[in-house]
Amino acid sequence: MQSAPEKSDLNAAGFRAAILDPVREKPATVEGPRGKQAVKRFNVYRNNVTVSLINALADIFPAVMRITGETLFRDMAREFVRAHPPVSPLLFLYGHDFPAFIEHFEHARRMPYLADVARVERAWLTAYHAADLEPLDPQALAKIAPEDLEGAMFKPHPATGLIRSPYAAFDIFDANRNRETIGRIDVTRPQDVLVTRPGMDVTVTGLPQGHGAFFASLIAGDCLGDAAEAGARASSAFDINEAIGGMFATGAFLSVTTEQT
Amino acid sequence: MTPTSLNHGASAARPPAAGTFRFAAHTARIPALAGVGFKHTHLDAILADPDPVGFVEVHAENYMGDGGFPHRALERVRQDFPLSLHGVCMSIGGPQPLSEDHLARFKALVDRYEPALVSEHLAWSTHDEVFMNDLLPLPYTEETLNHVCSHIDRMQDVIGRQMLLENPSTYVVFENSTLNETDFIREIVRRTGCGLLLDVNNVFVSATNHGFSPMSYLMDYPMEHVGEIHLAGHAVQEDDEGEPLLIDSHDAPVADSVWDLYSIVIRQSGPIPTLVEWDSDLPDWPILRAEAAAADRILDEAAHSFLMGKSHAVGA
Ligand SMILES: [Fe+2]
């Protein structure tokens, strides 16, 4: 990326610094017409930038905002926007580091599950814009010789995201995105959440015990045998046939290879 | 969540592919009718409306993802309507070179959707890599003129066709400006061969904010290069001296004073494709449709008197 020329008639660096820092004075070359002041005038740009980016985050993270309430959300988002402005004009890519920011935001400390809910929402938007590719057909497994099955490795679909949470990230996400009223949720129940998009609609699945470890292992590139072991280690209730069924029901994978090929 | 028109019938019966568009090539001129900014919430209503709008416009950046519902929706409206592809984030007005990645994404959209019109803004939004998501102003000088012209040259080279440049709405001026906006724009057109997108609301907003007459701006504006007009609503705030400061908010109906200006422009220049922009606090479809219909009435009237004027001229 080429840097902007240091000195130019548009002092873009100075303009940007003043836009993102409300304490800084407006750029010296900026003024009102016919000797008018330009404090409020320059603040229009400041406000447009800050508010539009806060709104973009509110659109990406509606469940987080419902949990925190609008005031806390906007405070948190304002601080984030100023510290981490977007580095791409594609706003649907924005906010990947918002969950980590939430984790360290003092006023959100009493909601330790909030960052993982944000991770699920961020994965939702990634899946929404992902490439239109057919997920792996279940028939693909039938074509693999039984002795090669353990060594099979799977490539994740570009829409696929996995969030492994020590909190009830799925229940909290689902209640706040999809339900009018929210019942009691045991937030301390660990949940693994799989985000996929088998067609046009994004699917968010709360995984059974052991499946999070299984999917994590597959997504990391381990073979099916190793992933099954990881699942079994994570939960005594883990069932490999159920887990393989889940791979195809969710459309989480794109293709399969065996070590021989 | 997914509008029903995508779930059955339409897209299955008519698979979206090049060649199925009712208005296939951009070389076929877009009709001088009113269009609307396309929002996904209006998809079903737009397709079902017995009185279809003349064209739709989309913000290019919203369709720069790899796939999913946005592309599905755009393919579907593109089957039935001519398209205007409106870039918001190219940052043509800044000093740094345009992003080659962004140019490549823009060209891919032009190739895929074959828009009748392609436009961008006389503004900037990116510095180094930081994107500020607003149309920021620039001083009008020989130096900034050179930057803007080389950026437009680059963009037209990449997309392989002419683009329209939109006049900005601004809230401040620069003490180091040496050219006025209309002279600046005229010189850009002369050097780059680009066309113009005249945003009449922007003219009204800037004129109010900076205390000049919108009519004298328009009289000075190179109308013969205008390929599209924008109309939009604005909001009213106060400047530092307590006088009205208009904000280009795109969240309201077009103001009466902007309709008046628009009528004058169309009566003078003849019919020009006209887009009603409405980007936040979105209304129900019938309200947006009525705004476009109001523009169509003015275009219709002008089409009649324009033709009559021409036949008189021929007869004389
Ligand atoms: Fe506009």
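Taking each residue of A:22-32 in turn, how many C-beta atoms of other protein chains fall within 10 Å of its C-beta, and what is the average?
On the way: counts 0, 0, 0, 0, 1, 2, 2, 7, 8, 5, 11.
Averaged over the peptide's residues, the number is 3.
With n ≥ 4 as the cut-off for DSSP H runs, can you work out [θ] at 222 nm for the protein assembly as shown, using -39500 (n - 2.57) per run divided by the number of residues, rounded to the nearest 500?
About -13500 deg cm²/dmol.
Springs between alpha-carbon pairs under 10 angstrom, Gaussian network model over chain A: which of A:ALA77, A:ALA131, A:ALA108 fluctuates most?
A:ALA131
If you build the Cα gyration tensor of the range B:11-307 and take the root of 5 times each eigenvalue, what three semi-axes come out, in whole angstrom, biggest first? Before the final figure, lay out each step's value.
Details: eigenvalues 163, 113, 68 Å².
The equivalent ellipsoid of the range B:11-307 has semi-axes of 29, 24, 18 Å.
Which one of B:VAL158, B:VAL226, B:VAL203 has the biggest mean-square fluctuation once chain B is modelled by GNM with Cα springs under 10 Å?
B:VAL158
Straight-line reach from A:LYS7: which lysines have Cα under 29 Å away, leaving out those fewer than 8 places along the same chain?
Answer for A:LYS7, where 29 Å is the Cα cut-off: A:LYS26, A:LYS36, A:LYS40, listed by chain and number.
Which percent of Cα-Cα pairs in chain A sits in each 5 Å bin, short to long?
1, 6, 11, 13, 13, 13, 10, 9, 7, 6, 4, 3, 2, 1, 0, 0, 0
Taking 25 Å as R0, compute the FRET efficiency from the Cβ-Cβ separation of B:ASP281 and B:ASP256 and round it to 0.05. It would help to have the intermediate numbers written out before the result.
On the way: r = 19 Å, r/R0 = 0.76.
Once the sixth-power term is evaluated, E becomes 0.85.
Among B:ALA295, B:ALA60, B:ALA303, whose mean-square fluctuation peaks in a Gaussian network model of chain B (Cα, cutoff 10 Å)?
Of B:ALA295, B:ALA60, B:ALA303, the Gaussian network model singles out B:ALA303 as fluctuating most.
Please find the FRET efficiency linking B:ARG267 to A:GLU70, where r is the Cβ-Cβ separation and R0 is fixed at 56 Å, and quote it to the nearest 0.05.
So, using R0 = 56 Å, E works out to roughly 0.75.
For the range A:1-111, what is the accessible area per residue in Å² when the probe is 1.4 Å?
Numbers: 5560 Å² over 111 residues.
It amounts to 50 Å² per residue over the range A:1-111.
Using the Cα centre of chain A as the reference point, and only Cβ charges (+1 on K/R, -1 on D/E), how large is the resulting charge dipole? Debye, rounded to the nearest 20. Write down the numbers at each step before the final one.
Numbers: 26 positive and 32 negative charges, 379 e Å.
For chain A, the charge dipole is close to 1820 debye.
Run the accessible area of chain A with a 1.4 Å probe and give the carbon-and-sulfur part as a rounded percent. Walk me through the numbers on the way to the answer.
Working: 6340 of 12670 Å².
Exposed carbon and sulfur together represent 50 percent of the surface.
Give me a single rounded figure for A:41-48: the average over its residues of other chain Cβ atoms within 10 Å of their Cβ. Show your work: numbers first, answer last.
Details: counts 10, 3, 3, 11, 8, 2, 3, 9.
Across A:41-48, the average partner-chain Cβ count within 10 Å equals 6.
Of A:LEU218, A:VAL202, A:ILE182, which is farthest towards the positive pole of the range A:170-255's charge dipole, taken about the Cα centre with +1 and -1 on the beta-carbons of Lys, Arg and Asp, Glu respectively?
Farthest towards the positive pole: A:ILE182.
So for chain A, averaging the separation of alpha carbon pairs under 8 Å that are six or more residues apart and normalising by length, what relative contact order in percent results?
On the way: 360 pairs, mean separation 44.7, N = 261.
Relative contact order here is 17 percent.
Counting only protein heavy atoms and rolling a 1.4 Å probe, how much accessible area do B and A lose on contact, total for both sides, in Å² to 100? Present the calculation step by step, with values, prior to reporting the outcome.
Values: alone 14740 and 15120 Å², together 25040 Å².
Buried: approximately 4800 Å² between A and B.
Place +1 on the Cβ of every Lys and Arg and -1 on the Cβ of every Asp and Glu in the range A:1-111, take the dipole about the Cα centre, and give the residue among A:ALA17, A:ALA58, A:VAL81 whose Cα lies farthest towards its positive end.
A:ALA17
Calculate the mean, over all residues of peptide B:132-142, of how many other protein chain Cβ atoms lie within 10 angstrom of the residue's Cβ. Before the final figure, lay out the partial values.
Values: counts 14, 14, 11, 2, 8, 4, 5, 6, 1, 3, 1.
Across B:132-142, the average partner-chain Cβ count within 10 Å equals 6.
Return, for the Cα atoms of the protein assembly as shown, the radius of gyration and Dmax in Å, separated by a comma.
26.7, 96
Spin-label point model (7 Å from Cα, Cβ direction): what's the A:HIS96 to A:LYS155 distance in nm?
In this crude label model, A:HIS96 to A:LYS155 measures out at 2.0 nm.
So how much slack lies between B:ARG297 and B:ASN146, counting 0.36 nm per residue of separation and subtracting their Cα-Cα distance, in nm?
Values: separation 151, 0.36 × 151 = 54.36 nm, distance 4.02 nm.
50.3 nm is the gain from fully extending B:ARG297 to B:ASN146.
The values are calculated or read from the model by the stated rules, or taken from the named source; none is laboratory data. Since we're looking at a predicted model, the values are computed, not measured. Reconstructed Cβ throughout: ideal geometry from the backbone, glycine too, with neighbour counts over all protein chains shown. Just so you know, the surface numbers come from the protein's heavy atoms only, side chains and all, with ligands and any DNA or RNA stripped out. Shrake-Rupley method; radii C 1.70, N 1.55, O 1.52, S 1.80 Å.
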